[in-house]
Amino acid sequence: MRLTIRDLQKMKRQSERIVMLTAYDATSARLCEQAEVPVLLVGDTLGMVVQGHSSTIPVTLEQMVYHCGLVARATTRPLIVGDLPFMTYSTPEQALRSAARMMQEGGATCVKLEGGTRMAGTIQTLVQAGIPVMAHIGLTPQSVNQVGGFRVQGKDVETARQLLADAAAIQAAGAFAVVLELVPAGLATLITRRLHIPTIGIGAGAGCDGQVQVFHDILGLYDALNPKHTRRYIDAGTLLRSAIAEYRADVLAGRFPTEANSFAMEAAVLALLEGEADDAGH
Ligand code: KIV
């Protein structure tokens, strides 16, 4: 049985840290489930780490629904958060249609959307329709062109107050949890203390109720950016590259495939075929 948003809220009440990791396909999702990660985010970061774009802006709803479906089909236990991509929730009506697709076709347990106070009305509409919403404030990557890069948000009094107000507004609107991205640790701790819903940090320090990271970042599979907020638990890129090079060298040298990787047929059948080929002058 899949975890529910109630389980996450209970984890906050019991001060149990929440672990969330992105997953974009069946293989990565299965690995996460086997490692007992309770929350999988099918994030629009797939635009960067899977599709090779420099931002999340080009990702479409169609693609998110597809990737959600891969993750949902491969797992039974984790709660699945489906990220609504850029410009698919610009009105409450559009948000309803997009979220419905993520849940009905993609199998998401809930949706995530970026924005604070300005999104409160949309969050309310979704929640009233029975769609659980995880909000996302601080650095919101879909607005990267507006904020001018991937930079820490809420460092001065005015922007920090705005983030506190955003957090309060999305909680009041009915969001069940909130991602805090690139927020100073002290401010994230303050927000976490003030909210009764869980905060999940990425570059927001250890004071959040949970942490989220990008699959490719913690495994060393993505080189285009090397954010300070991540930790590489393995340099899988180097390991995979050397395995692929070994495969190439084996093929070139005739070391692969061997008999162990091949399929035999009866010698008599082969002899018959060889005789026929000889008769035909081949
Ligand atoms: O899309 C994503 O992976 C995200 C995380 C960075 C929180 O939104």
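The values are calculated or read from the model by the stated rules, or taken from the named source; none is laboratory data. None of the values given here were measured: they were computed from a predicted structure. Here the Cβ is made from the backbone with ideal geometry for all residues, glycine too, and neighbour counts use every protein chain on show. Quick note on the areas: whole protein, heavy atoms, side chains included, nothing else; ligands and nucleic acids left out. Shrake-Rupley method; radii C 1.70, N 1.55, O 1.52, S 1.80 Å.
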Checklist entry - Where the Cα atoms of the chain are projected onto their three principal axes, how long is each span, largest first, in whole Å? => result 88, 38, 37
Checklist outcome for this item: Given unit charges at Cβ for Lys, Arg (+) and Asp, Glu (-), the dipole magnitude of region 102-229 about its Cα centre in debye, nearest 20, is 300
Item to check | Cleavage-rule hits, trypsin sites (Lys or Arg not before Pro), region 1-97, DSSP coil, Cβ neighbours within 10 Å at most 13 | outcome: R17
Next on the checklist: I want the local charge near L21. Using Cβ-Cβ distances under 12 Å, sum +1 for each Lys or Arg and -1 for each Asp or Glu among the other residues.
Outcome noted: -3
Item to check | Cut-off 10 Å between beta-carbons: net charge of the residues surrounding H229, Lys and Arg +1, Asp and Glu -1 | outcome: 0
Checklist entry - For region 121-149 and region 179-238, what is the separation of their Cα centres, given in Å? => result 18
Checklist entry - Beyond 22 Å, what percent of the Cα pairs of region 183-282 remain? => result 64
Checklist entry - Ordered by packing density, taken as the mean number of other Cβ atoms within 10 Å over each peptide's residues, highest first, how do 50-60, 149-159 rank? => result 50-60, 149-159
Checklist outcome for this item: Taking Cα atoms only, helix 236-253 is inclined relative to the longest principal axis of the chain by an angle, in degrees rounded to 10, of 10
Checklist entry - Projected onto the charge dipole of the chain (+1 at Lys/Arg Cβ, -1 at Asp/Glu Cβ, origin at the Cα centre), which of P184, A99, V49 gives the Cα projection farthest towards the positive end? => result P184
Item to check | Cα-based convex hull, region 79-180, per residue volume (Å³, whole number) | outcome: 92
Checklist outcome for this item: In degrees, nearest 10, the alpha-carbon axis of helix 61-74 is tilted away from the dominant principal axis of the alpha carbons of the chain by 70
Checklist outcome for this item: Checked region 105-148 with the C-alpha gyration tensor, a ≥ b ≥ c its square-rooted eigenvalues, rounded below a/c of 1.5, otherwise prolate if a/b is larger than b/c and oblate if not; verdict oblate
Checklist entry - In whole percent, how big is the carbon plus sulfur part of the accessible area of region 239-281, probe 1.4 Å, protein atoms only? => result 61
Checklist entry - Which whole-number value in Å² is the accessible area per residue of the chain, probe 1.4 Å? => result 53
Next on the checklist: Can you order the peptides 252-263, 174-185, 116-127 by their average number of other Cβ atoms within 10 Å per residue, highest first?
Outcome noted: 174-185, 116-127, 252-263
Checklist outcome for this item: For region 1-77, the dipole about the Cα centre with charges only on Cβ (Lys and Arg +1, Asp and Glu -1), to the nearest 20 debye, works out at 420
Checklist entry - Quick one: Karplus J couplings for region 199-204, per residue in order, coefficients 6.51, -1.76, 1.60, θ = phi - 60°, nearest Hz, x for Gly and Pro? => result 9, 10, x, 9, x, 10
Next on the checklist: I'd like to know which of F150, A245, Y222 lies farthest towards the positive end of the charge dipole of region 128-282, counting +1 on Cβ of Lys and Arg and -1 on Cβ of Asp and Glu.
Outcome noted: F150
Checklist outcome for this item: For the chain, the dipole about the Cα centre with charges only on Cβ (Lys and Arg +1, Asp and Glu -1), to the nearest 20 debye, works out at 1940
Checklist entry - So, with a 1.4 angstrom probe, what is the percent of accessible area on region 5-234 that is carbon and sulfur? => result 53
Checklist entry - Once the dipole of region 1-62 is set up with Lys and Arg at +1 and Asp and Glu at -1 on Cβ about the Cα centre, which of M20, T60, L31 lies farthest towards its positive end? => result M20
Checklist entry - Once every DSSP H run of n ≥ 4 in the chain is given -39500 (n - 2.57) and the sum is divided by its residues, what mean residue ellipticity at 222 nm do you get, rounded to the nearest 500 deg cm²/dmol? => result -13000 deg cm²/dmol
